[in-house]
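Undergrad: Shown below is the structure under consideration.
The values are calculated or read from the model by the stated rules, or taken from the named source; none is laboratory data. Not measured: the values here are computed from a predicted model. Cβ atoms come from the backbone with ideal geometry, glycine included; neighbour counts cover every protein chain shown. Side chains are part of the model used for accessible areas, which takes the heavy atoms of the whole protein and leaves out ligands, DNA and RNA. Shrake-Rupley method; radii C 1.70, N 1.55, O 1.52, S 1.80 Å.
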Amino acid sequence: MATKSHPITIILNGTLIDGSGEEAITNEAIVISGNRIQSVGKLPEDINLEDLENNQVINAADKWIMPGLIDAHTHLSYGHPKLKGEARGRGTTRPELNTLRAAWNAQKALRAGVTSISVPGGSWFTDVAVRDAINLGLIEGPRIACASRMIATYGSIEDEDPSWVGTPDHSLGKLCHNATEMVTEVRRQAKHGVDFIKLADSRSGDTQCLSRNEMTAVVEEAQRRNLRVAIHSRGAGSTRDAALAGVDWIIHADLATEEDLETVAKENVRIMPTATFVERLLTWGREVGQDVVQINLNRIEERMEKMAKMLEKLRTLGITVLCGTDSGNYEWMPYGELHANEPDILVRYGGYSTMEAILATTRNNAYTLGLEDQLGVIKKGMLADIIILDQDPVSDISVLKKGEHLVNVIKDGRIISWDGKTIERDLLPLNPSLLSERSAT
Ligand SMILES: [Zn+2]
């Protein structure tokens with residue numbers, strides 16, 4: 001993977017899906033200066049296309065241009081692929097290897113057109129390290145916002161060991177016994193540079209593990225530290241309490257009642273269903289068989305049906321849906337493969353329009369990076385994270401999957417290139433037909 005930087009990048013022609021919700025339009029030029037979009041629409045008169053010393057030009061004629069994808073639920077530090085004999089336990093006892101592995105996996109996401117990821121939970125401060133290395137330009141990768149170990153209590157997801165063992169440091173959860181301990185952990189994680197806090201209610205949602213008071217204490221401390229809070233919450237009580245405690249987004253919420261969801265809507269809290277994980281579990285489970293999965297697949301099928309109904313309900317209630325896939329959670333949730341499955345599911349199961357699904361995985365998701373007014377929309381002044389596709393995602397949302405229809409990925413104003421897919425192939429040498437082509441659009 002390599003990058004090339006020019007002071008000015010110009011994307012000429014193409015159909016623009018700007019991520020604002022406006023209909024796709026034929027566009028003349030997008031001008032990128034540094035890592036920001038300088039203009040959209042007419043080519044500014046002061047741009048000289050013949051000055052290839054200072055300008056690089058992408059011809060996007062017959063192509064579709066849209067904001068880079070954001071997967072707001074990707075775990076980099078869960079550690080796949082594993083070494084032979086490496087412990088299968090959640091978290092890792094090999095933080096050094098795992099950090100390198102996480103950096104590599106982050107690049108797979110970027111190559112699939114995912115220019116940003118939000119990481120709701122991980123071991124050690126691996127994700128913080130990968131984020132910082134990318135921001136420093138040491139390695140290539142997507143924009144990252146991350147949490148660290150999930151704040152758990154007895155019975156929470158990631159409190160998997162017997163109580164006499166506790167939750168070891170290498171695990172994905174941080175066991176806390178009361179609000180004071182939770183606040184201390186928020187402070188510790190803030191000190192180590194996380195972007196947000198992840199709370200952990202029960203894995204299956206059948207019992208509520210965290211009280212509203214504890215959630216409120218965490219939210220208040222996080223706000224003091226300028227951090228947002230997300231929660232793994234499937235159940236009814238925890239989802240309602242999370243909304244009332246002012247948690248910023250709720251992951252799953254699939255067992256919440258209609259009444260609970262109305263509370264979520266009233267409190268203007270976002271929901272990230274993460275249906276991709278459930279659908280993938282089902283398809284993978286059917287592939288390899290019940291014995292390998294060791295989960296009753298009929299129950300997963302029911303869960304997917306319920307999920308579909310919930311997606312419809314969220315849409316009816318006007319709750320902002322965030323797109324997350326849980327990529328990296330298991331080896332059968334591979335990086336770079338599933339990031340665009342969630343918008344596809346919103347369309348197939350939830351009755352969302354393709355444009356609504358595109359917004360969910362671009363503009364809406366920018367919120368999880370704390371960049372809701374700077375990222376996810378292609379307009380003047382926004383961060384220049386852009387993908388160019390050879391097929392129309394508004395006609396068929398599935399063309400976003402696996403990066404199979406990508407022509408270019410631009411992150412932070414730089415064209416990303418890798419393997420055989422070099423920027424030179426897509427960059428235009430000065431070509432007289434270019435100008436006539438441009439004026440024809
Ligand atoms: Zn997850």
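Undergrad: Sticking with the crude label model, points 7 Å out along Cα→Cβ, report the distance from GLU45 to ARG188 in nm, one decimal please.
TA: 6.3
Undergrad: Next up: Mind grabbing the accessible area of LEU138 for me, 1.4 Å probe, Å², rounded to tens?
TA: Roughly 130 Å² of LEU138 is accessible to a 1.4 Å probe.
Undergrad: Amide H neighbours of SER148 under 5 Å, at least 5 residues apart or on other chains, H built in the peptide plane: list them.
TA: GLY121, GLY122, LYS198
Undergrad: Between 0 and 90 degrees, rounded to the nearest ten: what's the tilt of helix 236-245 against the longest Cα principal axis of the chain?
TA: Tilt relative to the chain: about 70 degrees.
Undergrad: Same structure again: Among TRP104, TRP249, TRP124, TRP164, what's the order by accessible area (1.4 angstrom probe), most exposed first? List each step's numbers first, then the result.
TA: On the way: TRP104 135, TRP249 0, TRP124 90, TRP164 210 Å².
Sorted by accessible area, descending: TRP164, TRP104, TRP124, TRP249.
Undergrad: Working out 0.36 nm times the residue gap between HIS177 and SER211, then minus their Cα-Cα distance, what length gain in nm do you get to one decimal? If you can, show how the numbers build up before the last one.
TA: Values: separation 34, 0.36 × 34 = 12.24 nm, distance 1.14 nm.
Separation in residues times 0.36 nm, less the Cα-Cα distance, equals 11.1 nm.
Undergrad: Quick one: which residues, 5+ away or cross-chain, put their amide H under 5 Å from the amide H of GLU158? H built at 1.01 Å from N.
TA: none
Undergrad: Here is a further query. Spelling out what I want: for every residue of region 402-416, take phi, set θ = phi - 60°, compute 6.51 cos²θ - 1.76 cosθ + 1.60 (Karplus), and round to whole Hz; glycine and proline get x.
TA: 6, x, 5, 10, 6, 10, 9, 10, 10, 10, 6, x, 10, 6, 8
Undergrad: I'd like the Karplus ³J(HN,Hα) series for region 221-227: coefficients 6.51, -1.76, 1.60, θ = phi - 60°, whole numbers in Hz, and an x wherever there's a Gly or Pro.
TA: Computed from phi, the couplings for region 221-227 are 5, 4, 5, 4, 8, 6, 10 Hz.
Undergrad: Setting aside same-chain residues fewer than 8 positions from LYS380, which aspartates and glutamates have a Cα under 17 Å from its Cα?
TA: Excluding near neighbours in sequence, the set is ASP18, GLU22, GLU28, GLU45, ASP46, GLU372, ASP412.
Undergrad: Run the reach check for LYS266 against lysines, Cα to Cα strictly under 29 Å, same-chain hits fewer than 8 apart removed. What comes back?
TA: Straight-line reach from LYS266, under 29 Å: LYS198, LYS306, LYS309, LYS313.
Undergrad: So who's got an amide H within less than 5 Å of the one on ILE8, skipping anything under 5 residues away but keeping other chains? H placed 1.01 Å off N, in plane.
TA: The list, which skips near neighbours in sequence, is GLN56.
Undergrad: Using the Karplus equation 6.51 cos²θ - 1.76 cosθ + 1.60 (θ = phi - 60°), what ³J(HN,Hα) coupling, rounded to whole Hz, does each residue of region 168-176 give in order, writing x for Gly and Pro?
TA: Computed from phi, the couplings for region 168-176 are x, 4, 7, 8, 9, x, 10, 6, 10 Hz.
Undergrad: Could you give the length gained by full extension between GLU96 and ASP169, i.e. 0.36 nm per residue of separation minus their alpha carbon distance, to one decimal place? Before the final figure, lay out the partial values.
TA: Values: separation 73, 0.36 × 73 = 26.28 nm, distance 1.43 nm.
Length gained, GLU96 through ASP169: 24.8 nm.
Undergrad: Give me the lysines in straight-line cross-link reach of LYS401: C-alpha distance below 19 Å, same-chain residues under 8 apart excluded.
TA: LYS63, LYS108, LYS411, LYS421
Undergrad: I need the calculated FRET efficiency for the pair ARG286 and LYS306, taking r as the beta carbon distance and R₀ as 25 Å, to the nearest 0.05.
TA: Details: r = 18 Å, r/R0 = 0.74.
According to the calculation, E is roughly 0.85.
Undergrad: Subtracting the Cα-Cα distance from 0.36 nm times the residue separation, let me have the gained length for ASN54 to GLU220 in nm, one decimal.
TA: Values: separation 166, 0.36 × 166 = 59.76 nm, distance 4.84 nm.
Result for the pair: 54.9 nm of gain on full extension.
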